[in-house]
Each structure stands twice: as C-alpha cells, then as structure tokens.
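Below you'll find the structure, written out as structure tokens, and then a few comments.
The values are calculated or read from the model by the stated rules, or taken from the named source; none is laboratory data. What you see is a predicted model; the values in this text were computed from it and never measured. When we count neighbours, we look across all protein chains shown, and the Cβ atoms used for this are built from the backbone with ideal geometry, even at glycine. Side chains included, ligands, DNA and RNA excluded: accessible areas come from the protein's heavy atoms. Shrake-Rupley method; radii C 1.70, N 1.55, O 1.52, S 1.80 Å.
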Amino acid sequence: RGLGDVYKRQDEAGAADRGGAPPPGSDDVAPSNPLDDMGFAPLPFIPLPPLTWVTFEALEFQVSRDYNEVYCYGGLGGAVSVVERFGPFRTLGARRWDIAEYLGGANSRFVALPIGEPLQGFLECVGYIRHIIPGEGGEETAFNLGSLRIRHAQGDWDGHTITQESSGGASGHSFRATYRLCRGTCRTTDFPPPSLHLYSIGGRRQFVWSWEGNRANIDGFKLYVGNMRVRLRASQSSYWAPGYLQPPCGERYEFRMTAFRGDRESPFSNTVYWSGEPCPRTVRITFDRIRIGNDWGMVDEWNPSGNVMGPIYGAFWASGSGGEQVLVFDAATVEWPLPITPVDRGLFLRVNEEWRIQRIFDWIHTEQVSCVGPGCPSYSTPGVNYVTVNLGPRDDLTFGGRILDLDLWSKDDTLFNTTDTIRSTDLPRVGERRTYTLRNRNIELVVQVETLSGP
C-alpha cells in the first residue's frame, strides 16, 4: 500500500483545542499480536533509557526586510543529527511570518533527551526577493538571513519567552525568533503525549512507547507515518513494524504517536526516524572504441604479412552485484563456395585503424538485414555498445573484453583479452562520466563509465 508523502506532516495537523492532533479519519487497525502486550519494557534486554521530555514551541518570527518568500532549515535534539526544511512561511504582515504553522501551536516539537542533557538545535533562514522586468519576465535573488544556535539547560524549560537574533547573514539581512521551552508539554492536559522509541531487533523493527497518563481513560494509541495511521490498543507498549512501514531504499520515514479517546487525541510524541537501506549504485559502462597499433606481433594464415587479422568475434562485459552483463558479437563465418575450398568471411582489423564499437555492431546488423534466404552468414550483434549494472555501496566494478579472429586450419588467435577493476571508492560520482583505456597486445579498448544513480 502507498504511504503517500511521508514529509507532509503539516497537512495532518488539527486545531489547537484538540491538543494538536490530526483530525479523525480512517485508521489501519494493527492485528493482534501477543508479543505486543508485554508491558512497559517489551523485552527484558531492551530497557527504556532514562529520558526527560521538553517541548519547543515557536511563538514569533520576524525579518529585517521585505521578502517574497522565506524558508528555514533547522534541527532539534541532543546531537542534532536530523535537519528539516520549514517553509515557505505564510506572511502575517509587518515583516512577520507564520513560523507556528511548522514549529508552534499544534506543531510544536516534543523532544526526548537523556536526563541532564541540554536541548540543542539551530535555525538558519533564506529570504527571496523577486524582481519583475517589463518585457523580460522576472528574476529571483536569495539572501542569507543568518542563523542562530539553540542551547538551553533544563532550568530554561519553564515556559518563559526566549528571543534570539540571527547572526552571520548578508549585510542588512537577519531574522529574530521568539520561542519557549516547556518540560513535558506547554499545555495543561490529561492527555500527555507518549514517549516513542524505535529499535532494531534481529533484523526487524519494533516500536516501543511509554505513557504517563491513566490507560483506563483512553481507547488506545495511534502511530502516524505520512498520511497513514495505525490504531493500537491501550494495553500495548510495543508494536512489531509490518513490512509495509519499511521505507524504500534511499528514503527516510518519520513516525509520531498520540494517545486517543474517541475523537480526542493527545499532542504528538517525539519523532523517531527509520531510514531505508542505501540505494544501489547504477553504473553505465559504454565500450566506446578500439585502437589498433602498427604491429600485431603475429601473422595470420589469411594474411601472412601480419597487417590484417580476422574475421573477428568476441565479447565485452561488466560485472556488478546483480551478476555479469555481456555483449557478445560475431562478425566471422565460413563459406564453402566449392566443396573442398572453405573461405572465412566477415570483419577484418588492420593495423593503425580505429573502430567505434557501435560501428562494428552496426556493420554486423547491416550484413544481417541485407542478406535474405539460405546461405546468409551467421553473424550476431547485441545492437548497443553499453551495459548497465547495479553495485552495492562497497562493490567494485570490473569490466573488460575479449576479441578473437577465426582461423580455418589452426587455433583461433586471441587479439585482445583483459579486464580492469575500479574500486568502489574510486567510481565516478552521480552524473559524472570518466574514460578508461585498457591495453592488451596490439589493441587499446576505450571505455566510458558513468554513474547514473546511487549514494
């Protein structure tokens, strides 16, 4: 099932008089699981850490100049490891912008911290000014409004108003933020927010939570991710995450929880994050061309001078975590114009030549389609001169080629046979293309490697 946009939390926010919870709607009901009814600590080897809770509520945000749009980036917590984007804010006039839509009122942030640790965070903002040029359209200029650092010990968590001015912005561009910090919640309610945790156990994920209210007075809990919510029983303190809640590779889901009774819900819990596995690196390997030197170093029965070798056949390949991708081509055949006189036919390579690999494949294709009926050569070609492979985060890339010539009366000669390996740390960055040259005997193979996607 689809999870929708897991980052559009603000679209779910309800009115402040409902404790900041989303409006009621259809829920997924978690299936009954006896392992989920195991009390405060669901497993003896997963003790809940001693934590304290603080609510960050933004009250006012004002800038030094007029802007058309304002965005901010920030994070809250201990290590402040998660950065979020807030905005675009709605203007309130007089250079004030509605930061409460993202960080105040119903959307205040509930943060869990080890006892004795201060609340730390930061906020940095950008303002945009648009200029309309008659007859030419418009242009937009971004101005750095600076940043502010948040660090408050538990003595500041008494709900008093705190105001800070930004620093480090462009000349004449700044902002002022007013907020308050409350131990627990800033609202008086018999529905306090739950305390939520997410653990990895034996390859599975388990949500674990505690709640300081009276469970006899609630119908249960609701776990939110994006536009989906899962309804859980009041007796539960843990929930094994089903597979459909797992984020795909390269994405991160945010989970929050509320306690509810009927259509009334508590403020949101703290946010826990679940990051998907890194996406595989997708790499395209293009076998671009071969360059032939001035001396084969061998002679061929068809041409004793050694200037010409062939007809040729062979393959190019690259290997990744999904296996080996191979381009096999054959431009060599044997004809018997007379019963006792075989003749080899096909594509021959001469010294001091350069052939595009795609041109070789096109030549083979032309020969195939231009011959109709019995007696046509048994040529083959892959059509394209590239392969695409997937690589894990630590996978190296190996690629290479082998070219042989067909001999009628002796063993086929190997004209080129070599490989190259690029370590995972040396692969091109996403969107970058690099050229590599493989040399063997009298041939150089030029290969282009481009990373299409990945970490």
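Here are some notes:
- Considering only residues in region 442-455 that are surrounded by fewer than 17 Cβ atoms within 10 Å (Cβ to Cβ) and modelled with pLDDT under 90, the one that is nearest to Cys249 (Cα to Cα) turns out to be Pro455.
- Among the residues of region 194-230, the ones that are more than 29 Å from the chain's Cα centre (by Cα) and either of a type in the set (A, V, I, L, M, F, W, C) or open to solvent by 10 Å² or more (accessible area, probe 1.4 Å) (or both) come to 11 in all.
- Residues in region 252-269 that are assigned to a strand (DSSP E or B) and hydroxyl-bearing (Ser, Thr, Tyr) were compared, and the one that is farthest from Ser108 (Cα to Cα) is Tyr253.
One line per residue, one yes/no per condition, for (1) open to solvent by 70 Å² or more (accessible area, probe 1.4 Å); (2) within 16 Å of Thr178 (Cα to Cα):
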residue	(1), (2)
Leu59	yes, yes
Val70	no, no
Glu84	no, no
Arg90	yes, no
Arg95	yes, yes
Ile99	no, yes
Tyr102	no, yes
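- Region 231-241, subset under 30 Å from Pro278 (Cβ atoms) and not in a loop (DSSP other than H, G, I, E, B), residue nearest to the chain's Cα centre (by Cα): Trp240
- If you go through region 306-324 and keep only what is open to solvent by 10 Å² or more (accessible area, probe 1.4 Å) and either farther than 23 Å from Ile422 by Cβ or in contact with a His (Cβ under 9 Å, 6 or more places away or on another chain) (or both), you end up with Asn307, Val308, Tyr313.
- Checking each residue in region 116-151 for being aliphatic (A, V, I, L, M) and more than 17 Å from Phe89 (Cα to Cα) picks out Leu119, Ile132, Ile133, Leu148, Ile150.
- Of the residues making up region 135-161, those that are more than 19 Å from Phe86 (Cα to Cα) and either at pLDDT 95 or above or assigned to a loop (DSSP other than H, G, I, E, B) (or both) number 4.
- Among the residues of region 380-389, the ones that are within 23 Å of the chain's Cα centre (by Cα) and surrounded by fewer than 17 Cβ atoms within 10 Å (Cβ to Cβ) come to 1 in all.
- Taken as a whole, the structure places His160 among residues that are surrounded by fewer than 10 Cβ atoms within 10 Å (Cβ to Cβ) and closer than 21 Å to Phe110 by Cβ.
- Taken together, the residues in region 407-424 that are touching a strand residue (DSSP E or B) at 6+ places or on another chain (Cβ under 6 Å) and surrounded by fewer than 20 Cβ atoms within 10 Å (Cβ to Cβ) amount to 10.
- With respect to the conditions (1) of a type outside the set (S, T, N, Q); (2) open to solvent by 20 Å² or more (accessible area, probe 1.4 Å); (3) at negative phi; (4) not in a strand (DSSP E or B), Arg402 falls short on a single one, namely (4).
- Of the strands (runs of 3 or more DSSP E) lying entirely inside region 325-367, those containing at least 1 residues that are modelled with pLDDT of 90 or more and surrounded by fewer than 15 Cβ atoms within 10 Å (Cβ to Cβ) are 354-356.
- Taken over region 242-265, the residue count meeting the criterion of being over 18 Å from the mean Cα position of the chain (by Cα), open to solvent by 60 Å² or more (accessible area, probe 1.4 Å) and among the acidic types (Asp, Glu) is 1.
- Tally of residues being in a loop (DSSP other than H, G, I, E, B) and modelled with pLDDT of 80 or more across region 307-324: 1
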